[in-house]
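The values are calculated or read from the model by the stated rules, or taken from the named source; none is laboratory data. The shown structure was predicted, so the numbers you read here are calculated from the model rather than taken from an experiment. When we count neighbours, we look across all protein chains shown, and the Cβ atoms used for this are built from the backbone with ideal geometry, even at glycine. With ligands, DNA and RNA removed, areas are computed over all heavy atoms of the protein, side chains included. Shrake-Rupley method; radii C 1.70, N 1.55, O 1.52, S 1.80 Å.
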Amino acid sequence: MPPVFRFAPSPNGLLHLGHAYSALLNFDRARETGGRLLLRIEDIDATRCRPEFETAIDEDLRWLGIAWETPVRRQSEHLADYGAALEKLSALGLVYPAFESRAEIARLVAAREAEGLWPRDPDGVPLYPGIAKSLSAAERARLIDSGVPYALRLDMAAACRHMASLTWNELGEGPDGEHGLVPARPEAWGDVILARKETPTSYHLSVVVDDALQDISEVVRGQDLFHTTSVHRLLQVLLGLPEPAYRHHRLIRDGEGRKLSKSTRSTGLRELRAAGASPAGIRRLVGLG
């Protein structure tokens, strides 16, 4: 079978040079290996994702000369797939509802940090500090029935007890030069969110389900997602999904060394195109010329 690659943007803004670099790397890898390139639209965030941004993604990628197979997979059209995966994890006793709001979690973290350092995940976000795991089934049911918002979290300690050591095959390079067989440390992320009451999946859950369903053999993405691979490998094993290889690449940064964001208009593909940039010029800007 030919290798399968994917570029998976979220339509919550316009593409910038960092997106162009990742899309071009996937496109080039597919051509070099005689493989296939898929486009996936990760639009589970209904409050931020908009059709006009998806249209702009299509236009920008075609302008760059990138071609992909159709049909395009839109996550919002496949919520049942993620629901089935969530049910499987629930049947293993690894999912629980947590009812604290973001403001309540911030207060809990502040209270704990007044007594000492509270752990944070590799992205610098405090680990979940609540006590939802200790609630009785009856209390959980009462809160859900009363309409209280909740997040469904993975019981990380219980999940890690289901397996021995985890690794992944890194074909690229991590932030500290990691390459080859990399040990996974999902416990560093704490009880990650798998879904919310209003959004029946999360990035972590949907990405591993999609990669399996689409037969992705090599995941090419930025180093900002390097450490999340630990969570993805854990979910793949728990759900019995195949393991792709990973190729994390350097990030394109602004003049002050900051990671690009969709609000960085000076590096937006649309603005650069309007200013007279060419596809070949974009390749040179990202170091692929």
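Of everything in segment 1-10, what is open to solvent by 30 Å² or more (accessible area, probe 1.4 Å) and either part of a helix (DSSP H, G or I) or in contact (Cβ under 8 Å) with a residue 40 or more places away in the chain (or both)? Give them in sequence order.
Residues satisfying the conditions are Met1, Pro3.
Condition (residue is among the aromatic types (Phe, Trp, Tyr) and over 21 Å from Gly93 (Cβ atoms)) applied to segment 155-176: is it met by at least one residue?
Yes, some residue in segment 155-176 is among the aromatic types (Phe, Trp, Tyr) and over 21 Å from Gly93 (Cβ atoms).
Identify all residues within segment 11-47 that are within 17 Å of the chain's Cα centre (by Cα) and surrounded by fewer than 20 Cβ atoms within 10 Å (Cβ to Cβ); write none if there are none.
Scanning segment 11-47 gives Asn12, Gly13, Glu42, Asp45, Ala46.
Hey, could you check segment 99-113 for residues that are under 21 Å from Leu154 (Cβ atoms) and basic (Lys, Arg) and say which is surrounded by the most Cβ atoms within 10 Å (Cβ to Cβ)?
Here the residue is Arg112.
Scanning segment 226-273 for residues that are polar (S, T, N, Q) and within 30 Å of Lys88 (Cβ to Cβ), which turns out farthest from the chain's Cα centre (by Cα)?
Here is the first cut: in segment 226-273, the residues polar (S, T, N, Q) are 228-230, 236, 261, 263-264, 266-267.
Filter once more, so that each one left must be within 30 Å of Lys88 (Cβ to Cβ): 228-230, 236.
On the way: Thr228: 7, Thr229: 9, Ser230: 12, Gln236: 14 Å.
Looking at the filtered set, the residue picked out is Gln236.
Which ones in segment 177-186 are within 24 Å of Leu94 (Cβ to Cβ) and either out of contact with any strand residue (DSSP E or B) (no Cβ under 8 Å at 6 or more places or on another chain) or not in a loop (DSSP other than H, G, I, E, B) (or both)?
Listed by number, the residues that qualify are Val182, Pro183, Arg185, Pro186.
Each row is one residue, and each column tells you yes or no for (1) under 30 Å from Gly255 (Cα atoms); (2) free of Cβ contacts under 8 Å to residues at least 12 places away in the same chain.
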residue	(1), (2)
His16	yes, no
Ala23	yes, no
Gly34	no, no
Ile41	yes, no
Arg48	yes, no
Ile57	yes, no
Glu69	no, no
Arg73	no, no
Glu77	no, yes
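Mind checking which residues of segment 49-65 are more than 21 Å from Leu25 (Cα to Cα) and over 16 Å from the mean Cα position of the chain (by Cα)? Steps first, answer last, please.
First pass over segment 49-65, keeping only residues more than 21 Å from Leu25 (Cα to Cα): 49-53, 55.
Once the filter is applied, which keeps residues that are more than 21 Å from Leu25 (Cα to Cα) and over 16 Å from the mean Cα position of the chain (by Cα), segment 49-65 yields Arg50, Pro51, Glu52, Phe53, Thr55.
List, please: which pairs have Cβ atoms under 6 Å, are six or more places apart or on different chains, and start with a residue in segment 96-121 that is under 16 Å from Trp189 (Cα atoms) and end with one that is assigned to a loop (DSSP other than H, G, I, E, B) and open to solvent by 50 Å² or more (accessible area, probe 1.4 Å)?
These pairs meet every condition: Val109/Trp118.
Just need a number here: residues in segment 162-177 that are open to solvent by 20 Å² or more (accessible area, probe 1.4 Å) and farther than 16 Å from Val231 by Cβ.
Selection size over segment 162-177: 7.
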